[in-house]
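Engineer: Handing you a structure now.
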Amino acid sequence: MTTDLGFWVLQTLNALQLSMLLFLLSVGLTVIFGLMHFVNPAHGSLYAFGAYMAASLAGVLGYWGGFFLVPLAVAALGAVLYFTLIRSQRRAGPMAQVLVTFGLIFVAVDATRLIWGDLPIGIAIPAMFEGQLPLLGVEYPIYRLFIIALGLVVLAALTLVLTRTQIGAMIRAGVDNDQMAACLGINVERMFFLVFVVGCALAGLAGAVAAPVLSVTPDMGLQILIPTLIVIVIGGLGSLKGAVAGSLIFGFVQTFGAVLLPTLNSVLIYALLAAVLVIRPEGLLPAKG
Amino acid sequence: MFTHTPLRLTTLATLAIGALAYAFVAGFFGLEILAEIAILAILVIALDLVAGFGGMLSLCHGALLGVGAYAFTVAAKDAGLSAFPAMVLAVALSAALAFVIGAVCARSIGIYFIMATLAFGQMAYSFVFQSPLFGGDDGLSGAPRPDLTAIGIDLTDSRAFAIYAIALVALTYLVAASTLRSGLGRSLVGLHHNEKRLRALGLTVWRAKATAFAISGALAGLAGCLAAQHTQYISPGLLSWTVSGEALVVVILGGLGTLAGPIVGAILFVVLKHEISAITPYWHAIVGLILIAVVMSRANGVFGYVEARMAARAAKPTLEKAKADA
């Protein structure tokens, strides 16, 4: 099995697909933390909302209607959350923030159960991505390749914005030292809002693209939360590079662990997390050098 | 530093008398709820010890409870120990595990500490879930209750069991309170305030943190033994991080760092859970809204709020007197 090239190609693609999904989720969370020092465990709930909305919209507008509308809708939801809860908790300390968002998770899980019911919902893969593509000797589902491509596109776009534009420079300045950035005339508060909403939109997008490959259930937000947090802690809170590295490490360890060391698999990633926290408590690629 | 204010002592006495009185009059369902409250109360006292006083917000206390429950069941059922030695063994194992976790995580602070404890908790969860020794997803059944028939108490009776559970809560409280009043407890509070200062004073920081965490872990393991004896069935779900999260919520609802507050929180939480889930299956949403309201109000939980109001009322006359004197 392990000497066959096809096996390695297949598992590498699987790992990449998982990594890219996690990247879409973790990048928003990590940049929000870097800028606002705000950990938002309810990020996973926004992802679940995205998946449910995509499932509902798929029946009305088709897959692509959901694909484009869901991020906007989740961003709007994020904006509502920002003005009702997040802004007033900005200076309340990490403990209060974690707890308020904990409460939000409870509410969100039951809200999805109330609106969409307890049963898993499935949605169809869009017609243009149906079927398999022969690739280096293996047949791989086109839709999963699309997820990998989408992750790479988002990564490229974010890298470009963060390193080549003025707003990107302002965000980096804010992550580095928000008080100094404010003194230099940057409206840090407005930037927080922008980053928060974009992070929410990316979580919604992740939900929308994950919906056809995973079954959509009320606890999907909780299930993805732990992997996402592991990714950003391994990578280093607040850094884009860290989110990329963390997603790739998680995706590959999880995927190859499942096929090569099935008995140790679930312990493996937590052992890795513990090792990173002991050796490099700030994560592998922290935002601040 | 931890002190027993008159309000705390009155609350504790009222709770103890109320719980005992209820144990004598309640029916079967009431007694089951009482035992459930007692198990949660032990867990949240353990958590408040490290989270409220040492600032160590742990997300692995569910796992420590679960380890206690599994160790007790395996020791009593498969190894054939009688119940009390099995409990001692289970508590010791939880304490040892907690000591290691506390020692390894001693350098991490804030969100990193939360994540590190989460990682260890999930590691224990995955291990129990996947290991063929522990019945996997099906869990284990048949944990015995201690045999006290020699002194005329039959713990298979739910009334006797509820009183036994209340006694264990009292024991837990005494252990936690005396830990906090010892040198270790004072160091723990000092570490929470200013770690550098205590390091400069010559304290071995990691050892103090790990020891406090071990005591807390032992108490969580005790809660696990009680949980195993109560339902006589255990599943990996006991070790899940959501149990730890819920315990943290209860500590906050009651009042962080008050020791008596979390007990009030445990009562409120279990009663609310049963009352609301009788009306609607969406009780988590209600608890979530209450949690948001409590945190947004900036009060330190229900008990913390009462404490702050009483302190303000007590301070007012002296302030006015001071003004009049001036």
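The values are calculated or read from the model by the stated rules, or taken from the named source; none is laboratory data. All values derive from a computational prediction rather than experimental measurement. Here the Cβ positions follow ideal geometry from the backbone for every residue, glycine too, while neighbour counts run over all protein chains shown.
Engineer: Among the residues of segment B:250-268, which ones are within 14 Å of another protein chain (Cβ to nearest Cβ) and more than 18 Å from B:ALA38 (Cβ to Cβ)?
Structural biologist: B:ILE252, B:GLY255, B:LEU256, B:GLY257
Engineer: Still on this structure, please answer the following. Tell me, yes or no, whether segment B:222-237 has at least one residue that is touching a helix residue (DSSP H, G or I) at 6+ places or on another chain (Cβ under 6 Å) and of a type in the set (Phe, Trp, Tyr).
Structural biologist: Within segment B:222-237 (the criterion being touching a helix residue (DSSP H, G or I) at 6+ places or on another chain (Cβ under 6 Å) and of a type in the set (Phe, Trp, Tyr)), the answer is no, since none of the residues qualifies.
Engineer: Tally time: how many residues in segment A:32-65 are surrounded by fewer than 19 Cβ atoms within 10 Å (Cβ to Cβ), touching a Pro at 6+ places or on another chain (Cβ under 8 Å) and hydrophobic (A, V, I, L, M, F, W, C)?
Structural biologist: 1
Engineer: Does A:ALA169 qualify as being touching a helix residue (DSSP H, G or I) at 6+ places or on another chain (Cβ under 7 Å), in a helix (DSSP H, G or I) and not aromatic (Phe, Trp, Tyr)?
Structural biologist: The answer is no for A:ALA169.
Engineer: Could you tell me whether segment B:194-216 includes any residue that is closer than 30 Å to B:ALA143 by Cα, surrounded by fewer than 24 Cβ atoms within 10 Å (Cβ to Cβ) and of a type in the set (Ser, Thr, Tyr)?
Structural biologist: Looking through segment B:194-216, at least one residue is closer than 30 Å to B:ALA143 by Cα, surrounded by fewer than 24 Cβ atoms within 10 Å (Cβ to Cβ) and of a type in the set (Ser, Thr, Tyr).
Engineer: Restricting attention to segment A:93-118, and to residues there that are touching a Ser or Thr at 6+ places or on another chain (Cβ under 9 Å) and within 13 Å of A:MET220 (Cβ to Cβ), which single residue is modelled with the lowest pLDDT?
Structural biologist: Restricting to residues being touching a Ser or Thr at 6+ places or on another chain (Cβ under 9 Å) and within 13 Å of A:MET220 (Cβ to Cβ), the top hit is A:ASP118.
Engineer: When both residues are 6+ apart or on different chains and their Cβ atoms are under 8 Å apart, which pairs have a first residue that lies in segment B:199-215 and is among the aliphatic types (A, V, I, L, M), and a second that is in a loop (DSSP other than H, G, I, E, B) and surrounded by 23 or more Cβ atoms within 10 Å (Cβ to Cβ)?
Structural biologist: Hits for this filter: B:ALA212/B:MET56.
Engineer: Which of the residues belonging to segment A:55-114 are among the basic types (Lys, Arg) and part of a helix (DSSP H, G or I)?
Structural biologist: A:ARG87, A:ARG113
Engineer: With surrounded by fewer than 21 Cβ atoms within 10 Å (Cβ to Cβ) and under 20 Å from the mean Cα position of the chain (by Cα) as the only criterion, which of B:VAL302, B:VAL287, B:VAL264, B:VAL251 stands out?
Structural biologist: One residue alone meets the criteria, B:VAL302.
Engineer: Can you tell me which of (1) aliphatic (A, V, I, L, M); (2) without any contact (Cβ under 8 Å) to a residue 24 or more places away in the chain; (3) more than 14 Å from every other protein chain (Cβ to nearest Cβ) is the one A:ALA124 doesn't meet?
Structural biologist: A:ALA124 satisfies every listed condition except (2).
Engineer: Another question about this same structure. Taking the condition of being farther than 12 Å from A:LEU35 by Cα and at pLDDT below 85, how many residues in segment A:164-184 meet it?
Structural biologist: Qualifying residue count, segment A:164-184: 0.
Engineer: From the list A:GLY283, A:GLY238, exactly one residue is at positive phi, at the interface with chain B (Cβ under 9 Å from one of its Cβ atoms), under 18 Å from the mean Cα position of the chain (by Cα) and in contact (Cβ under 8 Å) with a residue 24 or more places away in the chain. Which is it?
Structural biologist: A:GLY283
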